[in-house]
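Presented below is the structure to which this report refers.
The values are calculated or read from the model by the stated rules, or taken from the named source; none is laboratory data. Only a predicted model underlies this, so the values are computations on that prediction, with no experimental measurement involved. With ideal geometry, Cβ positions are generated from the backbone for all residues, glycine too; neighbour counts draw on all protein chains shown. With ligands, DNA and RNA removed, areas are computed over all heavy atoms of the protein, side chains included. Shrake-Rupley method; radii C 1.70, N 1.55, O 1.52, S 1.80 Å.
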Amino acid sequence: MTFNILVINPGSTSTKIAWYKNDAEVWTKTIRHSLEELSKFDNVIKQLDFRLGAVEGVVKEMGYSYDMLDAIIGRGGIVDPPMPGGVYQVEEVLIEHLENVQALGARFKSWRSHGKCHSWSEKYSRLYSRFRSNR
């Protein structure tokens, strides 16, 4: 079974993204954001739609779509108290926390209602186990 995975790594002036099939990288891109573009936003949280639009544009440019995805992996996020690194299932308690702390949970709820943010399932469990065993 093949899993399509989008990895997103937001940085201060760029967003790095990569598409994987299982553990094999298919492509990777760095989206550069100019200071002029970023200065339009009061803070990082308000950059969300701008950055997601840029990511979606590159995904389409590469001939892929979100409908093909089995998982999305992201780095970062403001979670208080801080959590150790690792793989976490996006569950209701995390979404509620994000809604209260960052107002980003609504985006996750939207993704979930459109099938973009999946509940933990057997296939993700197997994928996680595979990645964990390669550490």
Only one of 17, 45 that is open to solvent by less than 70 Å² (accessible area, probe 1.4 Å), farther than 23 Å from residue 3 by Cβ and of a type in the set (A, V, I, L, M): 45
With the structure loaded, tell me whether residue 37 is open to solvent by 50 Å² or more (accessible area, probe 1.4 Å), within 30 Å of residue 1 (Cα to Cα) and modelled with pLDDT of 70 or more or whether it fails that test. no
Name the pairs whose Cβ atoms lie under 6 Å apart, with the first residue in the range 14-42 and without any contact (Cβ under 8 Å) to a residue 12 or more places away in the chain, the second open to solvent by 60 Å² or more (accessible area, probe 1.4 Å), and 6 or more positions between them or separate chains? none
How many residues of the range 49-68 are open to solvent by 50 Å² or more (accessible area, probe 1.4 Å) and part of a helix (DSSP H, G or I)? The answer is 8
Any idea how many residues of the range 1-14 are under 27 Å from residue 67 (Cβ atoms), of a type in the set (S, T, N, Q) and either open to solvent by 70 Å² or more (accessible area, probe 1.4 Å) or over 16 Å from the mean Cα position of the chain (by Cα) (or both)? 1
